[in-house]
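Presented below is the structure to which this report refers.
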Amino acid sequence: MGGTCELTVDLDAINANLRLAARLAGGRTVLAAVKANAYGHGLVPVARSIEHSGSAQWLGVATVSEAVALRAAGITLPILKFTITLPDELPEALGADIVFTVGDEEAIDHLQRAASAVGIVAAVHLKIDTGMRRIGAHPADASRLARLIADSTSLELGGIYTHLPVSDTGDGDAFTRGQFAAIAAAARDVEAAVGPLEHVHAANSAAVLGHDLTGTSMVRPGIMVYGSYPDPSTPRAHALAPVLRWTSRVAFIKQVLAGETVGYGRDWTAPRDTWVATVNVGYGDGYSRLLSNRGHMLVDGTPRPVVGRVCMDQTMIDLGPEVPTVRVGDEAVLVGRSGEHEISVEDVAALMGSITYEVTCLITDRVHRRHVGGVSPSSTR
Ligand SMILES: *Cc1c(COP(=O)(O)O)cnc(C)c1O
C-alpha cells in the first residue's frame, strides 16, 4: 500500500555502496551498520537484502530490540551490538545471539554471569578507547581485560575494536592515523596475552573512504551505505549511489495577497500577491521544523521555497505570482531528483545546521517506506 508521504529506498544502491566499501577495504570483512532503523531506511528490508545479496558479512546495531527484530525476521548474519548492554537487558540479548561489546571489568562480569546462568557462551568484542572518549578500555588495560574474557568459560573473545571521532575531516588525519596505530598496538598486546584475534576493527565510512586500514581485518561502514558522505569536507573521491527519494504531495492551492501572512506565528508575509501550495508533510514525518522559511521542495521540476513554519503534518510552499500549473495531487520532492534539479540529504542537512545522519534518522514511522530492487518484499513499513 502506498502513502501520501513516501520514502523510496533503492536496495540495489545500498548493495552497490557496500560493494564499493568492500573494494576500498581490500577484501576485509564488511560489517554494515543498520542501527536506528538502518539510518531511517527500514531495518528488516535493508538487512534482508544485504544478507541475500552477500554485500556484507556482519550487521551492526545499537539496541537489543534491533537485534531481536533482525532475528525474528530470520536474519542469520552475525550481529555486533555497538553499545554496552545493561544487566537487565542481558537475558533477552543472549537470546538474540548477538556479539557483545564490553569495555570494562564490570560489563565483563555482568555478561559472564548472565551467560553462565543460561548455559550460553557469549561472543565478545572488547572496545578500546583510543580517543573517542565514549566507551572502551584504556589501551593499557586491553591485555588484562582480554585475559579476563579468555579465562571465562562463558565468554569467547572474538575481536577488539575502536572508534574514530575525526576520520571524516582533513584536519583529523594525524589523530586518526594515531588511532589506527593504537588499535594495532593493542591487538599485538592482546594477542601476546591470549593468542590470535579473529577481528580487529576501527574504520567507519570516513575511514573506509579515505584512510589506510593497515592493522585491521574488518570495516564498519554506515552512512556511506546509505549514499551520503559523513561530512561536507570529506573528499568526494569515490562516487556513492543515491539510495533515497522522499516525496509527498500537494493537497491544497490558494492565492495569498501581498501583506497577508502564512502559518503559525505569522512568520512569513507575502511580499506580493502569490500562490501558495500546502503539502502533506511536516515535522511529524521528520521534515524538520528547522526548515521553516529555509527549505525548498521540487514541484514539477522547479524548486519552491518553504514559507512560514513547518507544521506537524503540513508545510506551505510558494509557487510564485503566476497562476500555477501545479495541481492538487502533484508530487513534491523533499529529497531526490525532479527534472534538472536535485535536493540531496546533504542539502537538507546543511539547511538544518546538522549532519546527513540526522536527516534520515528523523524520518518517522508514519512515512511509508517503499523498497525497490534487491531481494526483498516490495513494500514494508
Ligand atoms: C554508527 C557506527 C559506525 C558507522 O559509522 P558511519 O560514520 O555511519 O560510517 C561504526 N562504528 C560504530 C561503533 C558506530 O556506532
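Laboratory data are not the source of any read-out in this text; all were calculated from the coordinates shown. What you see is a predicted model, and the numbers here were worked out from it, not measured in a lab. All Cβ positions, glycine included, derive from the backbone under ideal geometry; neighbour counts span all protein chains shown.
Would you work out the relative contact order for the range 146-192, in percent, from Cα pairs under 8 angstrom that are 6 or more residues apart?
Here the relative contact order equals 31 percent.
So what are the ³J(HN,Hα) numbers for the range 159-172, from phi and the Karplus equation (6.51, -1.76, 1.60; θ = phi - 60°), rounded to whole Hz, Gly and Pro as x?
Once rounded to whole Hz, the list reads x, 10, 7, 9, 10, 10, x, 10, 6, 8, 10, x, 4, x.
Return the tail of the calculated pair distribution for the range 34-187, meaning the percent of Cα-Cα pairs more than 26 Å apart. Walk me through the intermediate numbers first.
Numbers: 3670 of 11781 pairs.
Percentage above 26 Å: 31.
For the range 264-277, just list the computed ³J(HN,Hα) in residue order, Karplus coefficients 6.51, -1.76 and 1.60, θ = phi - 60°, integers in Hz, with x standing in for Gly and Pro.
4, x, 6, 7, 10, 10, 5, x, 7, 4, 8, 10, 10, 9
Pop the C-beta distance of SER116 and TYR264 into the FRET formula with R0 = 41 Å and round what comes out to the nearest 0.05. Provide the component values of the computation, followed by the final result.
On the way: r = 57 Å, r/R0 = 1.39.
Working from the Cβ atoms, E equals 0.10.
Suppose R0 equals 35 Å. What FRET efficiency, 1/(1 + (r/R0)^6) with r the Cβ-Cβ distance, do ARG236 and ARG134 give to the nearest 0.05?
That gives a FRET efficiency of 0.80.
Farthest toward the dipole's positive end in the chain, which of ASN280, HIS238, ILE50, given Cβ charges of +1 (Lys, Arg) and -1 (Asp, Glu) about the Cα centre?
ASN280
Along the range 347-355, what does the Karplus equation 6.51 cos²θ - 1.76 cosθ + 1.60 (θ = phi - 60°) give for ³J(HN,Hα), rounded to whole Hz, x for Gly and Pro?
So the J values, rounded to whole Hz, are 4, 5, 4, 5, 5, 7, x, 10, 10.
Pop the C-beta distance of THR83 and ASP273 into the FRET formula with R0 = 51 Å and round what comes out to the nearest 0.05.
0.40
Quick check for me: using +1 on Lys/Arg Cβ and -1 on Asp/Glu Cβ, what's the dipole size of the range 11-226 about its Cα centre, in debye to the nearest 20?
Approximately 480 debye in magnitude.
Assign unit charges at the C-beta atoms only (+1 for Lys and Arg, -1 for Asp and Glu), then state the dipole size of the chain relative to its Cα centre in Debye, rounded to the nearest 20.
480 debye
Taking 0.36 nm per intervening residue step and subtracting the Cα-Cα distance, what contour gain separates ARG71 from HIS368 on full extension?
Roughly 104.6 nm would be gained on extension.
Between VAL281 and residues 5 or more places away or on another chain, which pairs have amide H atoms under 5 Å apart, with H built 1.01 Å from N, and which residues are they?
Those qualifying (amide H under 5 Å, at least 5 residues apart or on another chain) are GLN314, THR315.
Sort out for me the Cα centre separation of the range 88-140 from the range 5-54, rounded to whole Å.
26 Å
Sorting check: for 176-182, 224-230, which peptide has the highest mean count of neighbouring beta carbons within 10 Å, and how do the rest follow? Spell out each step's value before the answer.
Values: 176-182: 18.4, 224-230: 25.7.
Ranked from most to least packed, the peptides come out as 224-230, 176-182.
Between ARG23 and ARG337, what is the label-to-label distance in nm when each label sits 7 Å out along the Cα-to-Cβ direction?
1.9 nm
Antiparallel versus total DSSP beta bridges in the chain: what percent is that, nearest 5?
50 percent
For the pair ASP97/GLU191, report the inter-label distance in nm, with labels modelled 7 Å from Cα in the Cβ direction.
Reported label-point gap for ASP97 and GLU191 is 2.9 nm.
Report P(r) for the chain: all Cα-Cα distances, bin width 10 Å, range 0 to the bin holding the largest distance, values in whole percent.
5, 22, 27, 22, 13, 7, 3, 1
Can you order the peptides 215-222, 252-259 by their average number of other Cβ atoms within 10 Å per residue, highest first?
215-222, 252-259
From the residues VAL61, VAL335, ALA150, which one has its Cα farthest along the dipole of the chain in the positive direction, the dipole being from +1 and -1 charges on Cβ of Lys/Arg and Asp/Glu about the Cα centre?
It is VAL335, whose Cα lies furthest towards the positive end.
Where in the range 228-270 is the amide nitrogen less than 11 Å from a point lying 7 Å along the Cα-to-Cβ axis of ALA350?
Under cut-off, by backbone N: 232-233.
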